[in-house]
Structures are given as C-alpha cells and as structure tokens.
Amino acid sequence: MADERTVVERFVEDPVQRRLFKQEQAILEVTEFICGQMEAKGISRSELARRLGKTKGYITQLLDGRTNMTVRTIADVCDALGCRFHVAAAARRRARRHTGVVRSRGRRARNRAA
C-alpha cells in the first residue's frame, strides 16, 4: 500500500521538523503582510528604512528572513507603514471532513452552492 501523505505531512511528523516548519510559516506570513502593505501604500524599501532610521540593507534582510524579527521590530514596521500590529494565535485543529457548513465570524452559515 502506497503512502499517500505529502512530503510536508511526512516532514512535520517529527516534532523538531514541525517546529522549524511552523517558524518558517510565521516568518513568511509576517513578511508577506509587510510586503503587501508596502506595495498597497507605494512604500519602497528605501522609504521604509528612512521611516525606521535603518538602512535599506537592513530592510532587505528583514524581508528575506535573514534577520529575526522580534515583536518590537514587527510593531515598529507596522507603525512605520501606518497599520496596526495584532497577533492571532489559535489552537491546532484536527482536519475535518467538509460538511457543507461554512463558519462566518463565529456564526454558522449554510453554503449556498447552486
């Protein structure tokens, strides 16, 4: 019988590998948000660096994951971009079968597929 799990599913079975994977996911999520805000607001790396009193090289390192961003750094970057920093962590959920019910802001709503 063939193993139908993906490479990622097999990789994250190991607790150490899962921890590293989750770290990379978090870094990607934060940097994608920052890049999206920069693009939406027309703010270049140079301009963000100026607003933070840092070098353009420092901003490049932040955005490519070479520099570990602390909560303070993320809050500073968000402030410089004119956005609010908010953390939303959630307990891990087990994968569920699709039931046709869509959750919307804590309320149940029927999926209205035609």
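Determine, for each peptide in 48-55, 20-27, 3-10, the mean count of other beta carbons within 10 angstrom over its residues, then list the peptides with the highest first. Write out the running numbers ahead of the final one.
Details: 48-55: 16.0, 20-27: 12.4, 3-10: 9.0.
Put in order of decreasing packing, that is 48-55, 20-27, 3-10.
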**OP:** Compute the FRET efficiency between K56 and E29 as 1/(1 + (r/R0)^6), taking r as their Cβ-Cβ distance and R0 = 25 Å, and round to the nearest 0.05.
**Re:** 0.60
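What do you get when you divide the Cα radius of gyration of segment 7-86 by 2.2 N^0.38 Å, with N the number of residues? Display every interim value, and only then the final one.
Details: Rg = 14.5 Å, N = 80, 2.2 N^0.38 = 11.6 Å.
Output field value: 1.24.
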**OP:** Place a +1 charge on the Cβ of each Lys and Arg in segment 7-86 and a -1 charge on the Cβ of each Asp and Glu, then give the dipole magnitude about the Cα centre in debye, rounded to the nearest 20.
**Re:** 360 debye
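Any read-out appearing in this document is the output of simple, stated calculations on the displayed coordinates, not a laboratory observation. All values reported here derive from a predicted model rather than from experimental measurement. For neighbour counting, all protein chains shown are included, and Cβ atoms are generated from backbone atoms with ideal geometry for every residue, glycine included.
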